[in-house]
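> Pasting a structure below so you can have a look.
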Amino acid sequence: MIIAIDGPAAAGKGTLARRMAAHFGYAYLDTGLLYRATGWKVLQSGGDPEDAEAATAAAEALTPTELNNPDLRLDEAAQAASKVSAVPGVRAALLQFQRDFAHKPPEGKPGAVLDGRDIGTVVCPDAPAKLFVTASVEIRAERRLKELLEKGIEAIPARVLQDMKERDERDSSRASAPLKPAEDAFLLDTSTMDAEAAFAAALSFVDGKTKTI
Ligand code: DC
């Protein structure tokens, strides 16, 4: 079983994907981490994340241990990720790893939950259950701000909103695997939902799908 969860930043897909994986006993892959690790590596070596050659080389050399770096959660890593993710060579380099994870989940788990931007459209177009999780950009910026404050990081609200809009624009307008819902995805707008309500709605959709397989 493969559950594909896509959507823009801070829509709640990570929380939802983790809960879903725990509920079904499936493996979970946060695919954004692959792009964050690639972007971060380019930044650390003094390169430009928009340099296709440097970004592709970084993606090709990525190792699983690099995904554990806590710095990947920084907004700087998110912006770099959004830049390297527009490079077709980067997407090609990361594709097989994601597909292998989905089709042969680690530890012999009976299924996998992957979250990202193009899981339902490109990585696993045959996934039996696809969700597209979204929320208004203002709500998502508010959630991100709250997250930052909880971590003790000071942030300017207008700046967080601006960064979010820039990332949405870059992720949606790129030519290679842009952020968009798969035609057969269940659209879940979490603007007025808490994590509990989002989980309940997603679960009832996925339960319906597993019964028909
Ligand atoms: O989900 P996230 O915020 O960790 O993702 C960081 C960036 O990585 C995001 O702005 C776009 C890119 N990304 C992608 O292009 N495809 C994915 N499947 C996951 C993330």
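The values are calculated or read from the model by the stated rules, or taken from the named source; none is laboratory data. From a predicted model like this one, the values you see are computed outputs, not experimental measurements. FYI the Cβ positions are ideal-geometry reconstructions off the backbone, even for glycines, and counts take in every protein chain you see. When the accessible area is computed, the model is the full protein with side chains, heavy atoms only, and any ligands, DNA or RNA have been set aside. Shrake-Rupley method; radii C 1.70, N 1.55, O 1.52, S 1.80 Å.
> Quick one: F101 ticks every box in (1) more than 18 Å from D30 (Cα to Cα); (2) open to solvent by 10 Å² or more (accessible area, probe 1.4 Å) except a single one, so which number is it?
Result: F101 fails condition (1) only.
> Between a residue in the stretch 66-80 that is within 11 Å of the ligand (Cβ to nearest atom) and any residue that is open to solvent by 60 Å² or more (accessible area, probe 1.4 Å) and not hydroxyl-bearing (S, T, Y), which pairs come within a Cβ distance under 8 Å, given they are 6 or more apart or on different chains?
Partner pairs satisfying both residue conditions: A77/D71; Q79/E166.
> Let me ask you something else. Scan the stretch 167-178 and give yes if some residue there is within 12 Å of the ligand (Cβ to nearest atom) and on the phi > 0 side of the Ramachandran plot, otherwise no.
Within the stretch 167-178 (the criterion being within 12 Å of the ligand (Cβ to nearest atom) and on the phi > 0 side of the Ramachandran plot), the answer is yes, since at least one residue qualifies.
> Quick one: how many residues across the stretch 175-194 are in a loop (DSSP other than H, G, I, E, B), of a type in the set (A, V, I, L, M, F, W, C) and open to solvent by 30 Å² or more (accessible area, probe 1.4 Å)?
So the count comes out to 2.
> Restricting attention to helices (runs of 4 or more DSSP H) lying wholly within the stretch 1-105, give those where 2 or more residues are hydroxyl-bearing (S, T, Y).
Counting at least 2 such residues, we get 32-44.
> Tell me which of these I153 doesn't satisfy, since it passes every other one: (1) crowded, with 16+ Cβ neighbours inside 10 Å; (2) touching an Asp or Glu at 6+ places or on another chain (Cβ under 9 Å); (3) farther than 26 Å from I3 by Cα.
Among (1) crowded, with 16+ Cβ neighbours inside 10 Å; (2) touching an Asp or Glu at 6+ places or on another chain (Cβ under 9 Å); (3) farther than 26 Å from I3 by Cα, the lone unmet condition for I153 is (1).
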